[in-house]
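Each value in this text was obtained by applying a stated rule to the coordinates, not by laboratory testing. Predicted model, so just to flag it, every value in this text is computed and none were measured.
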Amino acid sequence: MEQYLLYLLMAALTVSSPGPGVILTLSNAIRHGIKPALTGVLGISLGIFIISIISASSLGVLLTTSSFAFSILKFIGAGYLIYLGIKLLRAPVISLEGAINSKNAPKEKSYWQRFKEGFFVSLLNPKAIFFFMSLFPQFINHQQSYLLQFTYLTLTFCFVIIAVHTIYALGANSIKSWLSSPGGSKMVNRTSGSVFVLFGLGLATSSQRQ
């Protein structure tokens with residue numbers, strides 16, 4: 001039980017730290033509201049679930065030992081983050097009231113599109129594979145069923161993602177009225193877009209041993 005509580009604490013601290021997923025959740029909550037943000041959170045959680053499965057498979061070993069395979073996934077992930085950042089930087093600045101009343105307000109993305117954004121932000125980050133490959137062995141008891149423990153730890157991590165990101169989304173949504181003003185909206189677009197671009201550049205210049 002103590003080991004599990006330690007794992008739960010490590011998971012919460014990891015998920016709470018600023019990263020592409022957190023920035024995406026905050027941006028969605030501020031710009032679009034709770035429901036679209038939570039849809040993106042489910043995508044993030046599913047992406048992490050698949051990443052954890054990859055980390056336990058032979059594909060995970062390949063990505064951690066082959067610099068070519070790692071580089072391919074790394075640049076795809078970096079390109080996607082930079083793409084999201086540029087989209088936010090170029091997003092129109094519209095006040096909350098203007099978005100509601102204007103016939104020319106930009107068309108909202110579907111929940112499915114929000115889900116896919118969150119999913120790919122998680123899935124296209126090869127660093128997450130290294131994280132799970134280094135974290136899970138510390139909490140696996142080799143005297144017990146590996147599959148059962150792996151499933152338990154993975155689902156716990158995914159539920160922690162949903163819980164922590166929901167708190168972030170609710171907090172961001174509570175100040176949405178101010179941040180959705182023209183000045184606040186511009187700040188959100190520029191800050192979120194710049195952070196995504198920086199994350200993308202950071203991922204592109206990272207190495208397997210980092």
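Full extension from Q144 to I34: what is 0.36 nm times the residue separation minus their Cα-Cα distance, to one decimal in nm?
Taking 0.36 nm per residue and subtracting the Cα distance, the gain is 35.6 nm.
Could you run the Karplus curve 6.51 cos²θ - 1.76 cosθ + 1.60 with θ = phi - 60° over region 135-140 and give me ³J(HN,Hα) per residue in whole Hz, x for Gly and Pro?
3J(HN,Hα) across region 135-140, in whole Hz: 7, 4, x, 6, 10, 9.
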